[in-house]
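Only one structure is covered here, and it is reproduced in the block below.
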Amino acid sequence: MLLLRCPLPLLLLLLPLGSRLQKLPTRDEELFQMQIRDKAFFHDSSVIPDGAEISSYLFRDAPKRYFFVVEEDNTPLAVTVTPCDAPLEWKLSVQELPEEASGEGSGDPEPLEQQKQQITNEEGTELFSYKGNDVEYFVSSSSPSGLYQLDLLSTEKDTHFKVYATTTPESDQPYPELPYDPRIDVTSLGRTTVTLVWKPSPTASLLRQPIQYCIVINKEHNFKSLCAVEAKLSSDDAFMMAPKPGLDFSPFDFAHFGFPADSNSGKERGFLKPSKFGRQTSPKPRVDLHRVCIGNKNIFTVSDLKPDTQYYFDMFAVNTNTNMSTAYVGTFARTKEEAKQKTIELKDGKVTDVFIKRKGAKFLRFAPVSSHQKVTFSVHSCLDAVQIQVRRDGKLLLSQSVEGVRQFQLRGKAKAKYLIRLKGSKKGASMLKILATTRPNKQSFPSLPEDTRIKAFDKLRTCSSVTVAWLGTQERNKFCIYKREVDDNYNEEQKKREQNQCSGPDTRKKSEKVLCKYFHSQNIQKAVTTETIRGLQPGKSYLLDVYVIGHGGHSVKYQSKLVKTRKFC
């Protein structure tokens, strides 16, 4: 039995020559496979080949008709139509083959125009019709002989579609078979992950054919076919590059349709010049749709999803021999919400310690109990820089990066409530201290100079002492200097790891203390102090730290300084 493999004009020529050819040729498998490999064979053809899936294109409101011949009665027949990116209307009908000879029995063929009229004007008997975007089938174990017509129409938009027809459905089986329960189950649901599981296709488990599973994730809807997914995933708009209505063409020529292209045939016909044939439309924006093929596993965890978001999941079993696929019943799930942040209440004039995980965030709330003209936020970032945002009754007042000690003064408002969002560093965990107050003179953090480095004078270095200097401010503060002997291989990286500016003198050993003194200068240009540290060992390395202590007892550490005494004097 045969789905005829030749162009329609040739079909019309063959029919009136029936007295010479006896009957329509049977399916020659070797010849058929050779013709399928020769992609140009079906070029400009309206004839459906037996046992091969064709891909084609419909323009809106421009019907298309395909033909095939079933030679003998009681022939098995299966036809599958796959809409890609728009619903289709399609109808399958059959009509008797025209008479082979003239009425006079001379054996002379009837005129060609008469044969054409017999084929194209007769409506035939309708066997099946469908309207929608599902993959739909017509299957019959016993079909009559005749000329079969497949009519297709898209009323919504220009679209792709696929057609597969065979007279040997039992042996071909190009589409993977679905299990008795074709649903996808969600077995685990998190804030950013969803775990899916499904039953394997019998095509893989029983028939041992090579099957791989492809998962599609998006936020819009489920898909009925992998063809629809591929149309949505196209990076450029394939509709811009389609030929004009009325031109018969083969999808084998269109690389930009997502089908394998013949490097020569398309160029010869000019189909790879879209500006000549194309419809100019604006390109479509990229969609948030992802496809991943995972081999023959039947469990998969989708990660990197957004919290509290609904996703649609589709699964397709793909026969890697035929590249044809079958869709499981899709599902959808909403990821869990982010854990609600606990808001820390700030008390007026009291320092609060805050710890933030890497890339994490913390929320704080400050609600002054009395009316106020101004509110001051003092922030001391102990390690790397942190981001601070301050909103008053929902309105953003401040958004800045803070490194070291910073103070922000904002205009107050009666009965106002302030929400502070602190975002940590990408490098690692963050530690900081924060103070909010409506009293301008209530300052727990000491003022700092812009430069908090300690300078060592190399020419004043001896075998038992080093001389250092650091900057102060116009505010009178207490400064304490500490020393600690370290190994010769102590480096800047180790020093950086220990550079916690919030660690105060109370964390140091008494033996490491050198001295404490008060210092300030009304002339900021002269706010410099020096100190000579004695009693050191020759050729040894020391780590020096200077702490400035404010009126409220809160201390801030300057940048540590690594020094080394002379070995020989």
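State yes or no: is Leu207 open to solvent by 30 Å² or more (accessible area, probe 1.4 Å), out of contact with any Lys or Arg (no Cβ under 6 Å at 6 or more places or on another chain), aliphatic (A, V, I, L, M) and farther than 30 Å from Ala339 by Cβ? First the steps, then the outcome.
Numbers: open to solvent by 30 Å² or more (accessible area, probe 1.4 Å): yes; out of contact with any Lys or Arg (no Cβ under 6 Å at 6 or more places or on another chain): yes; aliphatic (A, V, I, L, M): yes; farther than 30 Å from Ala339 by Cβ: yes.
Yes; evaluated as a whole, the condition is true for this residue.
Considering only residues of segment 441-457 that are surrounded by fewer than 19 Cβ atoms within 10 Å (Cβ to Cβ) and modelled with pLDDT of 90 or more, which is farthest from the chain's Cα centre (by Cα)?
First pass over segment 441-457, keeping only residues surrounded by fewer than 19 Cβ atoms within 10 Å (Cβ to Cβ): 441-442, 444, 447, 449-453, 455-457.
Still in the list and also modelled with pLDDT of 90 or more: 453, 455-457.
Working: Arg453: 45, Lys455: 51, Ala456: 53, Phe457: 56 Å.
So, considering only residues that are surrounded by fewer than 19 Cβ atoms within 10 Å (Cβ to Cβ) and modelled with pLDDT of 90 or more, the one farthest from the chain's Cα centre (by Cα) is Phe457.
Condition first: within 25 Å of Met431 (Cα to Cα), open to solvent by less than 50 Å² (accessible area, probe 1.4 Å), in contact (Cβ under 8 Å) with a residue 24 or more places away in the chain and out of contact with any Leu (no Cβ under 6 Å at 6 or more places or on another chain). Can you find one or more residues in segment 321-336 that meet it? No, segment 321-336 has no match at all.
Between Ile356, Ile420, the distinction of being within 30 Å of Phe479 (Cα to Cα), modelled with pLDDT of 85 or more and not assigned by the TED database to the domain that holds Glu531 belongs to Ile356 only.
Quickly run through segment 345-377 and pick out the residues that are in a strand (DSSP E or B) and open to solvent by 40 Å² or more (accessible area, probe 1.4 Å). So that I can check it myself, show each step before the final result.
So in segment 345-377, the residues in a strand (DSSP E or B) come out as 345-346, 352-356, 361-366, 374-377.
Across segment 345-377, the qualifying residues are Glu345, Asp353, Phe355, Lys362, Phe363, Arg365, Lys374.
So that you can scan it fast, the table gives a plain yes or no per residue for (1) within 30 Å of Gln310 (Cα to Cα); (2) over 35 Å from the mean Cα position of the chain (by Cα):
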site: Gly330; (1), (2): yes, no
site: Lys350; (1), (2): no, yes
site: Lys359; (1), (2): yes, no
site: Val386; (1), (2): no, no
site: Val390; (1), (2): no, no
site: Lys413; (1), (2): no, yes
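Residue-level analysis places Glu156 outside the set of residues that are of a type in the set (D, E, K, R) and not in a loop (DSSP other than H, G, I, E, B).
Among the residues of segment 296-320, what is the count of those that are open to solvent by 50 Å² or more (accessible area, probe 1.4 Å) and in a strand (DSSP E or B)? Lay out the reasoning, then the answer.
Taking segment 296-320 as the starting set, the residues that turn out to be open to solvent by 50 Å² or more (accessible area, probe 1.4 Å) are 296-299, 301, 303-304, 306, 308, 310, 320.
Next, from what is left, pick out any that are in a strand (DSSP E or B): 299, 301, 310.
Count: 3.
Applying the criterion of being in contact with a Ser or Thr (Cβ under 9 Å, 6 or more places away or on another chain) and assigned to a strand (DSSP E or B) to the residues of segment 325-344, the residue that is nearest to Thr193 (Cα to Cα) is Arg334. Any residue that is out of contact with any helix residue (DSSP H, G or I) (no Cβ under 8 Å at 6 or more places or on another chain), small (Gly, Ala, Ser), outside the structural domain of Gly349 (by the TED database) and at pLDDT 85 or above - is there at least one of those in segment 469-489? Yes, segment 469-489 contains a residue that is out of contact with any helix residue (DSSP H, G or I) (no Cβ under 8 Å at 6 or more places or on another chain), small (Gly, Ala, Ser), outside the structural domain of Gly349 (by the TED database) and at pLDDT 85 or above.
Conditions tested, residue by residue: (1) more than 23 Å from Gln559 (Cβ to Cβ); (2) open to solvent by less than 20 Å² (accessible area, probe 1.4 Å).
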{"position": "Val379", "(1), (2)": "no, yes"}
{"position": "Leu383", "(1), (2)": "no, no"}
{"position": "Leu396", "(1), (2)": "yes, no"}
{"position": "Gln400", "(1), (2)": "no, no"}
{"position": "Ile420", "(1), (2)": "yes, yes"}
{"position": "Met431", "(1), (2)": "no, no"}
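Search segment 509-528 for residues that are at negative phi and not assigned by the TED database to the domain that holds Leu544 and pair each with any residue that is in a loop (DSSP other than H, G, I, E, B) and surrounded by 13 or more Cβ atoms within 10 Å (Cβ to Cβ) when their beta-carbon atoms are under 6 Å apart and the residues are at least 6 apart or on different chains. Correct list of pairs: empty, since none qualify. For segment 214-232, the condition holds for at least one residue, the condition being that it is among the β-branched types (Val, Ile, Thr), open to solvent by less than 50 Å² (accessible area, probe 1.4 Å) and not in a strand (DSSP E or B).
Counting only residues that are more than 25 Å from Asn441 (Cα to Cα) and of a type outside the set (Ser, Thr, Tyr), which one in segment 547-563 is most open to solvent (accessible area, probe 1.4 Å)? Let's see the steps before the verdict.
Let us first name the residues in segment 547-563 that are more than 25 Å from Asn441 (Cα to Cα), namely 559-563.
Right, trim to of a type outside the set (Ser, Thr, Tyr) and you get 559, 561-563.
Numbers: Gln559: 80, Lys561: 64, Leu562: 56, Val563: 11 Å².
Only one residue tops the list, namely Gln559.
Using the structure shown, decide if Leu410 is surrounded by 13 or more Cβ atoms within 10 Å (Cβ to Cβ), free of Cβ contacts under 8 Å to residues at least 24 places away in the same chain and assigned to a strand (DSSP E or B). Outline the logic, then answer.
Numbers: surrounded by 13 or more Cβ atoms within 10 Å (Cβ to Cβ): yes; free of Cβ contacts under 8 Å to residues at least 24 places away in the same chain: no; assigned to a strand (DSSP E or B): yes.
Spelling it out, it is not the case that Leu410 is surrounded by 13 or more Cβ atoms within 10 Å (Cβ to Cβ), free of Cβ contacts under 8 Å to residues at least 24 places away in the same chain and assigned to a strand (DSSP E or B).
Among the candidates Lys517, Lys478, single out the residue that is more than 54 Å from the chain's Cα centre (by Cα) and surrounded by 15 or more Cβ atoms within 10 Å (Cβ to Cβ).
Values: Lys517 fails: surrounded by 15 or more Cβ atoms within 10 Å (Cβ to Cβ).
Lys478 is the lone residue from the list that is more than 54 Å from the chain's Cα centre (by Cα) and surrounded by 15 or more Cβ atoms within 10 Å (Cβ to Cβ).
Over 30 Å from Ser303 (Cβ atoms), part of a strand (DSSP E or B), touching a Phe, Trp or Tyr at 6+ places or on another chain (Cβ under 7 Å) and polar (S, T, N, Q) - does that describe any residue in segment 166-180? Among the residues of segment 166-180, not one is over 30 Å from Ser303 (Cβ atoms), part of a strand (DSSP E or B), touching a Phe, Trp or Tyr at 6+ places or on another chain (Cβ under 7 Å) and polar (S, T, N, Q), which makes the answer no. Identify, please: which residue in segment 39-84 is over 24 Å from Tyr175 (Cα atoms) and acidic (Asp, Glu) and is, among those, modelled with the lowest pLDDT? Going through the qualifying residues, I end up with Asp44.
The values are calculated or read from the model by the stated rules, or taken from the named source; none is laboratory data. Keep in mind that this is a model prediction, so the values were computed, not measured. Don't worry about glycine lacking a Cβ; one is built from the backbone with ideal geometry, like all the others, and counts go over all protein chains shown. Areas reflect the complete protein model, heavy atoms only, side chains present, ligands, DNA and RNA absent. Shrake-Rupley method; radii C 1.70, N 1.55, O 1.52, S 1.80 Å.
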